[in-house]
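J.: Please read through the structure below; I'll follow up with questions.
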Amino acid sequence: MASLRDIVTSASINLLSAFGFLMAFAILRIQPFNDRVYFPRWYKKGTRSSPTRSGAYASKFVNLDCRTYLNFLNWMPAALRMPEPELIDHAGLDSVAYIRIYLLGLKIFVPLAVLSFMVLVPVNWIGDTLERAKDLNFSNIDKLSISNVPDGSKGFWAHIVMSYVFSFWTFYVLYSEYKVLATMRADYLASETRRPDQFTVLVRNIPPDPDESVSEHVQHFFCVNHPDHYLTHQIVYNANKLASLVSKKRDLQNWYIYYQNKFERTSKRPLTKTGFMGLWGTKVDAIDDYTSQIQKLNEEEAVERERVKKDPDAIVPAAFVSFKSRWAAAVCAQTQLCRNPTLWLTEWAPEPRDVYWDNFAIPYFELTIRRLIIAVALFFLIFFFMIPIAFVQSLANIEGIQKVFPFLKPLIRMESVKSVIQGFLPGIVLKIFLAVLPQILMTMSKIEGYPSISALDRKSAAKYHMFILVNIFLGSIITGSALQQLKTFIDLPPTEIPKTVGVYIPMKANFFITYIMVDGWAGVAAESLRLVPLVLFHLKNTFLVKTEQDRYEAMEPGSIDFPVGEPRIQLYILLGLVYAPISPFLLPFIIIFLAFAYVVFRNQVINVYDPKYESAAAFWPDVHKRVVIGLFISQLLLLGLLSTKKIGRNHFALLPLPVLTIWFFLYCKGRFESGFVRFPLQEAMVKDTLERATEPQFNLKAYLKDAYMHPVFKSSDVEKSDFTFEEEKSPLVATTRVASKLSPDVNFSSPVQSDA
C-alpha cells in the first residue's frame, strides 16, 4: 500500500515533469522559428504570418528579447481571456463543448471536495478500525477513508446523507450543462453560415434497377417523390484503390523533393538502395529512381481512373442527394422514404470534410454482421487485457515485485527506490500499456463501417470508455485488491470475504492518485509542448520545404483527440464520484487535473488545433450519459460497501438513489436529446426564408455541384462532368425503362443529361 511518502514522491516527480514541460513550452513558443508549431491555427485562418525581426541575423530564429522570458506564463491568462462566443466563432462549437467537459467536472467536484473535507473527513479520521485490524497494511492516507469508520457506527449516516447531497448536486450540474449546450447548439445552427451538409442527405442501400443505372435511379426516385424540392445528387464511387495510389504517389513525391533539395545543396547526385525503405538492395540514383516510380504510378493511376469512370461495379448503392432548401433536406433526412424500411435509408449527410470515403464501399447488408463481430472481438479484447492490468497491479506493492523479480530485493529495500516504485511506477506502466489501445479501437470502428469521421470518433470513444470502465477501474480495484491481499483472502472463512473486500476497495484510491498525477498532470503538460509535431515540422522544413506553400503544408496543427480525451475525462469524473463519499483525499488531485487541463486545452484550441469536422456538439448526449453511468456505479458501490459495515438495514436508505438516477437520465434524454439528433423544421424554414430574402440570385446548384465529389476526383484532370449527375427541368426524369411498363400517358422524350 502506498504511504504518504510514496504519494509525495510521486507528486514531486510529476510536478517536476509538468514544470519542465511547461518551461520548455514557454521558451520554445516564443522562438520565431517555432511560430508555426505553436500558432498554426492562426496561420490556417490567414491572420498570422512568419514573424520578421530587424537586427541581428540570429533574431530571425531566436528570441533575443529578455523581457519576454520573464513573463513565461502569460499564455495562461491569455487563454482564459477570449470570451466563449468569440471562441465559438474562432474554433467551432465542438471545441468549446469539449472544453466545457473539464468545466463540468470542476462544477461538480469543487463543492463536493469542500463538503467532503468539512463533513466526511473528520468522521473518517476519528475512527480506529485500521489501527485495531491485524495483518493489514495501511497508511495515514487510508485513515481519511471510510475504511477507518468502525462497523455499526452511526457515523455511516453521514456518508448516506452526503451521498444524497452529492447525487442531487450532480443532477443539478448535469441538467444545467445539458440545457446550456442544447441552447448553444440551437443558436449555433441558427446563426451558422451556409454549408453543403445543410442541404444534403446521405441515401444508402439504394435498390438495384435492371433498366437504370444507380444515378438514373436516384434521379428518377427523387424527381417523382420530391418533385418541388429535389435539386441534384452525387453518386458514390468505390475509389479506395485509386485513393491508395494517390497517397502512395504523394509519399514518393515527398522523397523526390527531399533528394532534389539535397542535390541542389551538395551538387552531388544522391544515391538510394532499391530494397525495403532503402535499407538494402542495389544502389541507384535516387532522383532517377523516384522519377521512374512516380511515372509508373501516374500510368497506374490513369488506368484506375478510367476503370472507376466506366465500370458499373465501381458505383456504390449510395448517394448524396441535395435539395433546394434546408427545410426539404430536413424532411427527407427525418422521414421514411419507402414502404420497405430497409431500402432508401436516409440520414443527414456529414459535412464534406467529415466524410470517411473508405467505408462507402462496404455493402450495407454487411454492416450488421461486421458490428456483431466487432462486439464479440471487443468483449475478448477487454477480457484478455485483464492479464497485463493484473501484472501492473502487482507492481503497486513491494511484495508483488519481489515475487516477480526476486533478484531486485536489495535494490527495492532502499527507501528512495521503494517510494519511486510504489508512487510512480504503476501509473506510468499502465499508461504505456494503454498507448496502443486507441488505434486498435479506431480500427475496429472503421471495420464497423460508419460513414463519417465524427461517427468513428464517437464510436471509438464509446469503446474506450467501456474498456476503461471494466479494465482500468473495475480491474484495478478487484484484481489489485485480490493480488495485494491474497494471503489474507486464503486464510479468511468465506463469510468474511465481503467484509474484507469492503475494507480494501477504498484503499485503491492511492493507486488512482498516482495514475492521475502521471496521466493527468504530466500528460497534459506534455500536450502543451507538442514535441512530436515540433520535431516533424523542423524535419520537413529542413528537407522538404522549398516554397511558402510547402511550409504551410508542413504544419501539423492536429485536432482534439476526442476518442481518447473524452473517455479519459470520464475516468476521472467516475473516480471522483466513486471516491467522494469513500476517500475524499483523491478529489484535490482530480480538481488540479481538470483546472490545469481546462487552461491548456483552451490555449490549444485558440492557437493550435484545426478541427477535422464540426458536428455542433452532437456528442454531448454521450458525455451526459457516461457521467450518469459513473454516478450510478458510485451509488451501487457505496451501497455494497455499507452492506458490509454491520449497520443493520440502514444501507437500504441508499436504494432510492439508483432509481432516481435512472429516472433523471430518462427525463434528460426526453427533454434534450432530440435537439442533438434532429433539426427543427421551423428553424430550417426561418433560415431558408431569410436567405432567399437576402440572396435571391444565389446559385445553390453550382454551390453544391462538387461538394460531395470524392477528393481524388477533385484533384484530377478528368472532367468533373464525368462524375456529376443532375436532374432536368422536367419534374419527371426520363429513364431507360420501356414506357409501356409504366404508363402510356407518360412522355419520355427527353434523354437523361449530365452536366456539361
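The values are calculated or read from the model by the stated rules, or taken from the named source; none is laboratory data. Not measured: the values here are computed from a predicted model. Every residue, glycine among them, receives a Cβ derived from its backbone with ideal geometry; neighbour counts consider all protein chains shown.
J.: One residue is enough: does region 266-287 have a residue meeting the conditions of a type in the set (A, V, I, L, M) and within 26 Å of residue 196 (Cα to Cα)?
T.: no
J.: Test each condition in (1) more than 19 Å from the chain's Cα centre (by Cα); (2) surrounded by 18 or more Cβ atoms within 10 Å (Cβ to Cβ); (3) modelled with pLDDT of 70 or more; (4) among the aromatic types (Phe, Trp, Tyr) for residue 379 and report the one that comes out false.
T.: Failed condition: (2).
J.: Which residues, counting only those in region 75-100, are within 23 Å of the chain's Cα centre (by Cα) and among the small types (Gly, Ala, Ser)?
T.: Across region 75-100, the qualifying residues are 79, 91, 92, 95, 97.
J.: I'm trying to understand the selection: among the residues of region 642-656, which are among the small types (Gly, Ala, Ser) and under 42 Å from the mean Cα position of the chain (by Cα)?
T.: 643, 653
J.: Suppose we filter 331, 308, 321 for residues that are farther than 30 Å from residue 696 by Cα and among the aliphatic types (A, V, I, L, M); which single one remains?
T.: 308
J.: I need every pair where a residue in region 162-180 that is in contact (Cβ under 8 Å) with a residue 12 or more places away in the chain has its Cβ under 6 Å from the Cβ of a residue that is in a helix (DSSP H, G or I) and of a type in the set (Lys, Arg), sequence separation at least 6 or different chains.
T.: 173/107
J.: Something else now. Tell me which residues, restricted to region 341-368, are within 25 Å of the chain's Cα centre (by Cα) and among the hydroxyl-bearing types (Ser, Thr, Tyr).
T.: Listed by number, the residues that qualify are 356, 368.
J.: If you don't mind, another one. Take region 682-694 and flag every residue that is closer than 20 Å to residue 231 by Cα and touching a Lys or Arg at 6+ places or on another chain (Cβ under 9 Å).
T.: 684, 685, 687, 688, 691
J.: Would you call residue 87 modelled with pLDDT of 90 or more and among the aliphatic types (A, V, I, L, M)?
T.: yes
J.: To continue, here is another question. I need the full set of residues from region 556-599 which are acidic (Asp, Glu), surrounded by fewer than 19 Cβ atoms within 10 Å (Cβ to Cβ) and either touching a Phe, Trp or Tyr at 6+ places or on another chain (Cβ under 7 Å) or in a helix (DSSP H, G or I) (or both), in order please.
T.: 556
J.: Looking at region 195-214, which of its residues are modelled with pLDDT under 90 and out of contact with any Pro (no Cβ under 8 Å at 6 or more places or on another chain)?
T.: Correct list: 209, 210, 211, 212.
J.: Same structure, new question: Which helices (runs of 4 or more DSSP H) does region 681-742 wholly contain that include 3 or more residues that are at pLDDT 50 or above?
T.: By residue number, 681-694, 700-704, 711-714.
J.: So which of 475, 449 is buried (at least 17 other Cβ atoms within 10 Å of the Cβ), at pLDDT 70 or above and at positive phi?
T.: Step by step, each of 475, 449 is checked, and only 449 is buried (at least 17 other Cβ atoms within 10 Å of the Cβ), at pLDDT 70 or above and at positive phi.
J.: Hey, among the residues in region 604-641 that are of a type in the set (Gly, Ala, Ser) and over 14 Å from the mean Cα position of the chain (by Cα), which one's farthest from residue 563 (Cα to Cα)?
T.: Looking at residues that are of a type in the set (Gly, Ala, Ser) and over 14 Å from the mean Cα position of the chain (by Cα), I get 640.
Condition check ((1) closer than 26 Å to residue 524 by Cα; (2) hydrophobic (A, V, I, L, M, F, W, C); (3) surrounded by 11 or more Cβ atoms within 10 Å (Cβ to Cβ); (4) at pLDDT 90 or above) across all residues:
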| site | (1), (2), (3), (4) |
| --- | --- |
| 54 | no, no, no, no |
| 63 | yes, no, yes, no |
| 92 | yes, no, yes, yes |
| 95 | yes, no, yes, yes |
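J.: For residue 676, indicate whether it is within 28 Å of the chain's Cα centre (by Cα) and aromatic (Phe, Trp, Tyr).
T.: Here the answer is yes, as residue 676 does meet what is asked.
J.: Looking for something within 30 Å of residue 329 (Cα to Cα), assigned by TED's automatic domain parsing to the domain that holds residue 180, surrounded by fewer than 19 Cβ atoms within 10 Å (Cβ to Cβ) and touching a residue at least 12 places away in the same chain (Cβ under 8 Å) - is there at least one such residue anywhere in region 625-643?
T.: Yes.
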